[in-house]
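Undergrad: My structure is below; once you've seen it, I'll send some questions.
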């Protein structure tokens, strides 16, 4: 699971999405998140699922690797599905003791699970097609109006960028710790949620220590580069181009099409 984490990684495939301005992609992901949770009818949900697949294909990402990267979200999606199946009221489908699964709960759970997976897919496409520095600069640019209220926009953008970038780093750290523990006869393949949770406990303390070690090294590197001392400028200023305008038009068309599907 640790080596399949996609969020926070950047893979340059030379696709059209890679060449878009990071600000456009962030806004597109925010709009896509709203569309994902606004889609309610089966046709609208399938439409959003098709859009997510189209994004992965446009980014020239391997669908098999992309699906593997979504495995960490599957457990939460399955939990959401099962929870809705047995808690929503409606027509009975089957029962397990006192628990009754309804058709309405099955549909609501399936839609909620798909929404989580599609949201993770959209976020993964964003980080896979955007360099970390561009992502940080885009967040700062989008939040720049808050400077008027003396909000530390630059610091917030840097923290968000570092947090996203550290996801695969901590995943790799956890994988190395797990391999080291396995070489000492630790069992991480036990059956059952309780056994797997107990087996994961030896990973927690070394992972936290490793996270503090990485944060200390990063803090020292930032201090060595005089971060926070005066106003900083960027070597390459990002400007919106024709491709970005075309992407915005496509995004608007996708929103209007979703509205049309919901109203039909």
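The values are calculated or read from the model by the stated rules, or taken from the named source; none is laboratory data. From a predicted model like this one, the values you see are computed outputs, not experimental measurements. Backbone-built Cβ (ideal geometry, glycine too); neighbour counts: all protein chains shown.
Undergrad: Somewhere in the range 233-251, is a residue over 30 Å from residue 55 (Cβ atoms) and either assigned to a loop (DSSP other than H, G, I, E, B) or at pLDDT below 85 (or both)?
TA: Within the range 233-251, one or more residues are over 30 Å from residue 55 (Cβ atoms) and either assigned to a loop (DSSP other than H, G, I, E, B) or at pLDDT below 85 (or both).
Undergrad: Which of (1) at pLDDT 90 or above; (2) surrounded by 14 or more Cβ atoms within 10 Å (Cβ to Cβ) is the odd one out, the single condition residue 66 does not satisfy?
TA: (1)
Undergrad: Still on this structure, I have one more. Among the residues of the range 29-78, what is the count of those that are outside any helix (DSSP H, G or I) and under 15 Å from the mean Cα position of the chain (by Cα)?
TA: Within the range 29-78, residues that are outside any helix (DSSP H, G or I) and under 15 Å from the mean Cα position of the chain (by Cα) number 1.
Undergrad: Checking residue 17 against (1) more than 19 Å from residue 134 (Cβ to Cβ); (2) modelled with pLDDT of 85 or more; (3) not in a helix (DSSP H, G or I), which single condition isn't satisfied?
TA: The one condition residue 17 does not meet is (1).
Undergrad: Here's something else I'd like to know. Considering only the range 129-144, I want to know if a residue exists there that is within 12 Å of the chain's Cα centre (by Cα) and under 20 Å from residue 70 (Cβ atoms).
TA: No - not one qualifying residue is present in the range 129-144.
Undergrad: Looking at 7, 26, can you tell me which residue is at pLDDT below 90 and either assigned to a helix (DSSP H, G or I) or surrounded by 14 or more Cβ atoms within 10 Å (Cβ to Cβ) (or both)?
TA: After applying the criteria, what remains is 7.
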